[in-house]
Amino acid sequence: MSAAATPPRRIGVLGAAGRMGQMLVRQIGETDGATLAAAGDRAGHAALGRDAGQLAGLETLGIAITDDAAALFKASQVVIDFTSPDATASYAALAAQHGTALVIGTTGLKPEHQTAIDRAAHKIAIVQAANFSAGVTLLAALTEQVARALPALYDIEIVEMHHRHKVDAPSGTALALGSAAAQGRGLTLESHAIRGRDGITGARPMGPIGFAALRGGDVAGDHSVIFAGPGERLELTHKASGRQVFAAGAVQAALWAVGKPPGRYDMRAVLGL
Ligand code: NAD
């Protein structure tokens, strides 16, 4: 006799009217073992009350976009949040109150937002990643490895390009790659970063990790980590050709997070790397 099938995991989406939110609604619909439990967006958003499926270009799902976050957390086993930094910090506290696992994709978080997430992670499992693609997760691991292997004589520069609508720079992914490089070198990124150059900057000092951000068109996300040494240059590059790869990774993380003990997890843990 075969075991009874596990019921699909009930997933809530915050920021459901946004670009990533709509993609998450579509991705949940395409993922075995997942079902959309609730869809939320901010108070006053024009999409409140609209059907989340219809808004995402699917059939009617019977789930209206709500600003009642407490009801959303109550209805969900795990919630995926792609909103904005202040919203994410307050949703982390709400998730902890409800004992609901949380997947955070929002970028541009400041230390005070991270502190709120740390606090919530004492009560619930939280998976946070600046980039949910498997390729970027591997790129971060490789960056750390190469940074550890090459001497400090090799300057590390990180170049990223994104679509014209992106509001934060450098991208969360670029900063995560910078942290991976810094970790490989036994440094902290906070005290070893050059976040932009303009005018007479003087010669490049040895040690800090440089960032350059390009914006334009509909680029889903390009990242290169460049190790420039005497007589040679090693470049590691990832290009996302669409944003679906982020939604697929976030839904995979959500399914993984259900039932995990409280704590903070990243995509390396989800992928078992
Ligand atoms: P977007 O502006 O299209 O969508 C954000 C949505 O969040 C909007 O619908 C907005 O109304 C909603 N929102 C804002 N405040 C809210 C609140 N208090 N409660 C509920 N909803 C609220 O932006 P986007 O392109 O979908 O990106 C969203 C975030 O995800 C950004 O921080 C972006 O950098 C990040 N992102 C992360 C990854 C990743 O893999 N981690 C990939 C792509 C985008």
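The values are calculated or read from the model by the stated rules, or taken from the named source; none is laboratory data. Not measured: the values here are computed from a predicted model. Heads up, the Cβs are rebuilt from the backbone with ideal geometry, glycines too, and the neighbour counts pull from every protein chain shown. Side chains are part of the model used for accessible areas, which takes the heavy atoms of the whole protein and leaves out ligands, DNA and RNA. Shrake-Rupley method; radii C 1.70, N 1.55, O 1.52, S 1.80 Å.
In straight Cα distance, which aspartates and glutamates are under 17 Å from K260, not counting same-chain residues fewer than 8 positions off?
D118
Build a GNM of the chain with springs between Cα atoms under 10 Å: which of G263, G178, G12 gets the top mean-square fluctuation?
Of the options given, G263 has the highest mean-square fluctuation.
Considering only L150, L138, L175, give the residue with the highest GNM mean-square fluctuation for the chain, with springs between Cα atoms whenever their separation is below 10 Å.
L150
So between A46 and A152, what do we pick up on full extension, going 0.36 nm a residue minus the alpha carbon distance?
Length gained, A46 through A152: 33.0 nm.
Taking K166 as the anchor, which aspartates and glutamates have their alpha carbon closer than 18 Å to its alpha carbon, excluding any fewer than eight residues away along the same chain?
D81, D86, D218, D222
Find the percent of Cα-Cα distances in segment 215-273 that exceed 19 Å, and round it to a whole number.
That fraction is 54 percent.
Would you mind telling me the share, in percent, of accessible area of the chain contributed by carbon and sulfur at probe 1.4 angstrom?
Ligands and nucleic acids excluded, carbon and sulfur give 53 percent.
Which ³J(HN,Hα) values in Hz, rounded to whole numbers, follow from the phi angles of segment 205-221 under the Karplus curve 6.51 cos²θ - 1.76 cosθ + 1.60, where θ = phi - 60° and Gly and Pro get x?
With coefficients 6.51, -1.76 and 1.60, one gets x, 8, x, x, 9, x, 10, 9, 10, 10, 10, x, x, 10, 4, 6, x Hz.
Could you tell me what fraction of 2.2 N^0.38 Å the Cα radius of gyration of segment 72-126 comes to, as a two-decimal ratio?
Normalised by 2.2 N^0.38 Å, the Cα Rg of segment 72-126 equals 0.98.
Using amide H atoms built in the peptide plane, which far-off residues or other-chain residues are under 5 Å from I80 H to H?
G12, V13, L14, V103
How large is Rg over Rh for segment 1-149, taking Rg from the Cα atoms and Rh as the Kirkwood inverse mean of 1/r across Cα pairs?
Result: Rg/Rh = 1.02.
Based on DSSP, what percent of beta bridges with both residues in segment 134-240 are antiparallel, to the nearest 5?
65 percent
Calculate, axis by axis, the spread of Cα positions in the chain along the three principal axes, and write the results as whole Å, longest axis first.
If we take the Cα atoms of the chain, the spans are 62, 45, 34 Å.
Compute from the Cα atoms of segment 134-240 the Rg and the Dmax, the latter being the longest Cα-Cα distance, and quote both in angstrom.
Rg, Dmax (Cα atoms, Å): 13.4, 39.
Which peptide among 159-168, 96-105, 196-205, 83-92 comes first, and what is the full order, when sorted by highest mean count of other Cβ atoms within 10 Å?
96-105, 83-92, 159-168, 196-205
Solvent-accessible area per residue for the chain at a 1.4 Å probe radius, Å²?
Here the per-residue accessible area is 48 Å².
Looking only at L139, L58, L24, which one moves most when the chain is put into a Gaussian network model with springs between Cα atoms under 10 Å?
Per the Cα network of the chain with a 10 Å cutoff, L58 tops the list.
Report, in deg cm²/dmol and to the nearest 500, the calculated mean residue ellipticity at 222 nm for the chain, where each DSSP H run with n ≥ 4 adds -39500 (n - 2.57) and the sum is divided by the residue count.
The per-residue figure over the chain is -10500 deg cm²/dmol.
So the label point goes 7 Å from the Cα of E232 along Cα→C-beta, right? Which residues of segment 152-188 then have their backbone N under 18 Å from it?
Only 152-157 fall inside the zone, counting backbone N under 18 Å.
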